[in-house]
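Below: one structure, written as structure tokens.
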Amino acid sequence: MSPRRPSVNEELRRRSRERLLQATVELVGERGFEATTLADIADRAGSARGLVSYYFPGKRQLFQSAVHRLMHRTLEAALQREPLSDDGLEVLARAIDAVLGLAADRPLLMRTHMSGVLQAEGFVQCPEQQRLAALLRGAVERYGSHQVDVDYPLLRAQLMGAVFAMVLPGAAMPLGDLRSELFQRYGLDWELGVPPGGEPPGGTRHAASGLIRDQSRSRS
């Protein structure tokens, strides 16, 4: 039997890594982080236990990569949803709604993720995080920013703060209030993206001009 081509081996490794990431999201969502072991993840993924250590230095890094994968896949699906839009305001609205929607739909998962980011390991730089960053940067560019290196980190920080506020045990803020605040900041009408329904908090449907829009966008 002839040996497999390098491209075939690379695809098999990619699929194996993807299965581990998907299994991690599933198990932590079901059981929580502490109750999920690396052996559990390998078993759910149908992989050998040693493969987990081959791809990831530890469970925390594996989990952050798994959540970043979920986030970039969710964001990508939102941006590619029909009808496709070239309007930068709609693109940014979809990006904000995708991230806030994950916090609303998967609070345990996102709370665990935020907790890990705030711990000593900090923010894990990985291929999944880089894909997420590229999508968010792209949304900021399409919105019209002329200072993407400034405006993208600001948007990221605001989204992280909103997610934290939504998943904070005992003091969680409503999705609508946080969405309204972000939409006002960026000059987005409530009807853009995927509105959660009803009037925005305060009853105003048209937001004030946002920070990035004031400082750096221009339309011809």
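If you go through segment 136-149, how many residues are free of Cβ contacts under 8 Å to residues at least 40 places away in the same chain and either of a type in the set (A, V, I, L, M, F, W, C) or not assigned by TED's automatic domain parsing to the domain that holds ARG73 (or both)?
1
Among the residues of segment 11-33, write down those that are small (Gly, Ala, Ser) and either modelled with pLDDT of 95 or more or in the same structural domain as PHE123 (by TED's automatic domain parsing) (or both). Quick ask: steps written out before the conclusion?
Looking only at segment 11-33, we keep the residues that are small (Gly, Ala, Ser), and these are 16, 23, 29, 32.
Matches in segment 11-33: ALA23 only.
Go through segment 1-111 and tell me which helices (runs of 4 or more DSSP H), entirely inside it, have 3 or more residues that are within 30 Å of GLU181 (Cβ to Cβ). First the steps, then the outcome.
Details: elements: 6-31, 38-45, 49-55, 59-79, 88-105.
Hits in segment 1-111: 6-31, 59-79, 88-105.
Just to be sure, is LEU84 touching a residue at least 24 places away in the same chain (Cβ under 8 Å) and not charged (D, E, K, R)?
Values: touching a residue at least 24 places away in the same chain (Cβ under 8 Å): no; not charged (D, E, K, R): yes.
In short, no.
For the structure I just gave you, tell me whether ALA165 is closer than 25 Å to GLN80 by Cα and either in contact with a helix residue (DSSP H, G or I) (Cβ under 6 Å, 6 or more places away or on another chain) or at pLDDT 95 or above (or both). So that I can check it myself, show each step before the final result.
Details: closer than 25 Å to GLN80 by Cα: no; either in contact with a helix residue (DSSP H, G or I) (Cβ under 6 Å, 6 or more places away or on another chain) or at pLDDT 95 or above (or both): yes.
Against the criterion (closer than 25 Å to GLN80 by Cα and either in contact with a helix residue (DSSP H, G or I) (Cβ under 6 Å, 6 or more places away or on another chain) or at pLDDT 95 or above (or both)), ALA165 does not qualify.
Report yes if some residue within segment 62-81 is more than 24 Å from GLU18 (Cβ to Cβ) and free of Cβ contacts under 8 Å to residues at least 12 places away in the same chain; otherwise report no.
Just the residues of segment 62-81 that are more than 24 Å from GLU18 (Cβ to Cβ), to begin with: none.
Checked segment 62-81: no residue is more than 24 Å from GLU18 (Cβ to Cβ) and free of Cβ contacts under 8 Å to residues at least 12 places away in the same chain.
Can you pull out the residues in segment 112-126 that are outside any loop (DSSP other than H, G, I, E, B) and either free of Cβ contacts under 8 Å to residues at least 24 places away in the same chain or among the hydroxyl-bearing types (Ser, Thr, Tyr) (or both)? Can you show your working first?
First pass over segment 112-126, keeping only residues outside any loop (DSSP other than H, G, I, E, B): 112-118.
Across segment 112-126, the qualifying residues are THR112, SER115, LEU118.
Could we say that GLY116 is touching a Phe, Trp or Tyr at 6+ places or on another chain (Cβ under 9 Å) and either more than 25 Å from GLY176 (Cβ to Cβ) or of a type outside the set (Ser, Thr, Tyr) (or both) here?
On the way: touching a Phe, Trp or Tyr at 6+ places or on another chain (Cβ under 9 Å): yes; either more than 25 Å from GLY176 (Cβ to Cβ) or of a type outside the set (Ser, Thr, Tyr) (or both): yes.
Spelling it out, GLY116 is indeed touching a Phe, Trp or Tyr at 6+ places or on another chain (Cβ under 9 Å) and either more than 25 Å from GLY176 (Cβ to Cβ) or of a type outside the set (Ser, Thr, Tyr) (or both).
Looking at this structure, is THR36 at pLDDT 95 or above and more than 21 Å from the chain's Cα centre (by Cα)?
Values: at pLDDT 95 or above: yes; more than 21 Å from the chain's Cα centre (by Cα): yes.
Against the criterion (at pLDDT 95 or above and more than 21 Å from the chain's Cα centre (by Cα)), THR36 qualifies.
Out of the residues in segment 80-118 that are among the polar types (S, T, N, Q) and under 21 Å from LEU27 (Cα atoms), state the one that is surrounded by the most Cβ atoms within 10 Å (Cβ to Cβ). First the steps, then the outcome.
Of all residues in segment 80-118, those among the polar types (S, T, N, Q) come to 80, 85, 112, 115.
Remaining after also requiring under 21 Å from LEU27 (Cα atoms): 112, 115.
Working: THR112: 22, SER115: 13.
Filtering first and then ranking leaves THR112.
The values are calculated or read from the model by the stated rules, or taken from the named source; none is laboratory data. Every value quoted in this text rests on a predicted model; they were computed, and no experiment measured them. Don't worry about glycine lacking a Cβ; one is built from the backbone with ideal geometry, like all the others, and counts go over all protein chains shown.
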